[in-house]
Amino acid sequence: QVQLVESGGGLVQAGGSLRLSCAASGSTAAINTMGWYRQAPGKQRDLVAIISRGGSTNYADSVKGRFAISRDNAKNTVYLQMNSLKPEDTDVYYCDAKDWPNRLLSWGQGTQVTVSS
């Protein structure tokens, strides 16, 4: 079992920055990729960014150049640095963990990010 706990969400003005954290516990040796997703009420959960254990990353086009995902394997924690935030970035952000070959291990509980104009 893997447990994920997100933190760092909040209210920020457009153009501002936030840093989200997601700490994993439990059977963390099974984790390969970790990712951030976001979801608005009534909509599907969309990929924001993912990072492999080795550090390879992938981003949604909408956040490229503004968001950066990073990972501290020693702390079993993944981060999402969000800069130049826009009102359309307002969502609940979730982290996930997957094993090899890409089976879902766990979702976090979500953290609200609200960007005011």
Whole-Hz couplings from phi, Karplus 6.51/-1.76/1.60, listed for region 68-80; x for Gly and Pro: 9, 9, 9, 8, 10, 5, 5, 9, 6, 10, 10, 10, 10
Accessible-area ranking of Glu88, Glu6, largest first, probe 1.4 Å: Glu88, Glu6
FRET efficiency, 1/(1 + (r/R0)^6) with R0 25 Å, evaluated for Ala30 and Asp72 via beta carbons: 0.90
Distance in nm between pseudo-label sites at Thr57 and Gln1 (7 Å out along the Cβ direction from Cα): 3.3
Proximal aspartates and glutamates to Lys64, defined as alpha-carbon separation beneath 14 angstrom and excluding residues fewer than eight positions away on the same chain: Asp89
Computed over region 50-100, Cα set: Rg, Dmax in Å: 11.9, 35
Karplus 3J(HN,Hα) series, Hz, for region 96-112 with 6.51 cos²θ - 1.76 cosθ + 1.60 (x for Gly, Pro): 9, 9, 10, 9, 9, x, 6, 8, 5, 9, 5, 10, x, 7, x, 9, 7
Rg(Cα)/(2.2 N^0.38 Å) for the chain, N = residue count: 1.00
Charge dipole (the chain, unit charges on Cβ, about Cα centre) - positive-most of Leu47, Met82, Ile69: Ile69
C-alpha center-to-center spacing [region 47-86, region 8-37] in angstrom: 8
Rounded if a/c under 1.5, otherwise prolate or oblate - region 11-67, Cα gyration tensor axes: prolate
Amide H within-cut-off set for Gly16, under 5 Å, with H built and near neighbours excluded: Leu85
Solvent-accessible area per residue, Å², over region 1-59 with all protein chains present [probe radius 1.4 Å]: 52
Candidates Asp61, Asp89, Asp99, ranked by Gaussian network fluctuation over the chain, Cα under 10 Å, top entry: Asp61
Accessible carbon and sulfur surface of the chain relative to its total accessible area, %, 1.4 Å: 49
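The values are calculated or read from the model by the stated rules, or taken from the named source; none is laboratory data. Just so we're clear, the structure is a prediction, and the values are computed from it rather than from any experiment. All Cβ positions, even for glycine, are placed from backbone atoms using ideal geometry, and neighbour counts span all protein chains on display. Remember, those area values only see protein heavy atoms, side chains included, never the ligands or the DNA or RNA. Shrake-Rupley method; radii C 1.70, N 1.55, O 1.52, S 1.80 Å.
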